[in-house]
Amino acid sequence: DTAVSQTPKYLVTQMGNDKSIKCEQNLGHDTMYWYKQDSKKFLKIMFSYNNKELIINETVPNRFSPKSPDKAHLNLHINSLELGDSAVYFCASSQDYGGRGSPLHFGNGTRLTVT
Amino acid sequence: AQSVTQLGSHVSVSEGALVLLRCNYSSSVPPYLFWYVQYPNQGLQLLLKYTSAATLVKGINGFEAEFKKSETSFHLTKPSAHMSDAAEYFCALNQAGTALIFGKGTTLSVSS
């Protein structure tokens, strides 16, 4: 009965490959997010979807493409992986879009290692 | 522009001692403020949030934080540290129309 679940938990791949990370939430929330946590533990927003519509798209390379088939799912596809993409990627959800005090609920993260 | 600054990237306390983790914010309008905790190899868990209802906010695990507008601060405290409190702590902020913005985090170490 995990609230926000991500798969896989670990992802090791070589430069140039394409990979996907999946996220699902069973909280009935309208908004979902992808955050990137770097090696210094800094968390930065990448994307946000509200009811399947993209509302935040930070300065992220075009190689990263989010897809939201329905409001309970937000997947992240990464093309042509580079060494600098190595990080922990967190999916999160909130009841509504930011600025209304709705806390985010986070998944346990996907540790991506590019070799 | 809004921002969050956590003073001290690493705080060490003894078990039973007071925990004080500092957070200052910058925002053009009254923000919503949050503290999250991250245990090793886990996601972030909400400790508490400030939404203007009360300046002293109580959270889980005995933590509380006080919103001080005059000092633009939202420091996190706990009267008596437990070994299990050792983790990474993040202060975060958002305001209307923005996503949650995080500080750089503070690692709390607790020694016996």
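Every number here is computed from the coordinates shown, using simple stated rules; none is lab data. Please read these numbers as outputs of a predicted model, since none were measured by experiment. Every residue, glycine as well, gets a Cβ built from its backbone with ideal geometry; the counts of neighbours run over all protein chains shown.
Calculated FRET efficiency, A:Val12 and A:Glu58, Cβ-Cβ r, R0 22 Å, to nearest 0.05? Before the final figure, lay out the partial values.
Details: r = 26 Å, r/R0 = 1.16.
That gives a FRET efficiency of 0.30.
Within the set A:Lys22/A:Lys52; A:Lys40/A:Lys67; A:Lys44/B:Lys104; A:Lys9/B:Lys78; A:Lys9/A:Lys36; B:Lys58/B:Lys78, which residue pairs have Cα atoms separated by over 20 Å? In this structure, A:Lys40/A:Lys67; A:Lys9/B:Lys78 lie more than 20 Å apart at Cα.
From a point 7 Å beyond the Cα of A:Lys67 in the direction of its Cβ, which residues of segment A:7-21 have a backbone N at a distance under 14 Å? Label zone hits: A:18-21. Potential lengthening of the chain between B:Leu20 and B:Leu56 amounts to 11.5 nm, from the contour at 0.36 nm per residue minus the alpha-carbon distance. Cα centroid separation, segment B:75-97 to segment A:52-79: 29 Å.
Backbone phi angles across segment A:66-74, fed through the Karplus curve with coefficients 6.51, -1.76 and 1.60 (θ = phi - 60°), yield HN-Hα couplings of x, 9, 10, x, 7, 6, 8, 10, 9 Hz in residue order; Gly and Pro are listed as x.
For A:Lys41, the amide hydrogen comes within under 5 Å of no other amide hydrogen, counting only partners 5 or more places away or on other chains and with H modelled in the peptide plane.
Residues whose amide H lies under 5 Å from that of B:His82, counting only those 5 or more places away or on a different chain, are B:Gly16; hydrogens are built 1.01 Å from N in the peptide plane.
Couplings 3J(HN,Hα) of segment B:28-33, computed from phi: 7, 10, x, x, 8, 10 Hz, in residue order, whole Hz [Karplus 6.51 cos²θ - 1.76 cosθ + 1.60, θ = phi - 60°; x for Gly and Pro].
Tell me, what is the FRET efficiency for B:Ala96 and B:Asn41 to the nearest 0.05, using R0 = 35 angstrom and their Cβ-Cβ distance as r?
Details: r = 34 Å, r/R0 = 0.97.
The calculated FRET efficiency here is 0.55.
Over chain A, the fraction of Cα-Cα pairs per 5 Å bin, rounded to whole percents and listed from the shortest bin up, is 2, 13, 24, 26, 19, 10, 4, 1, 0.
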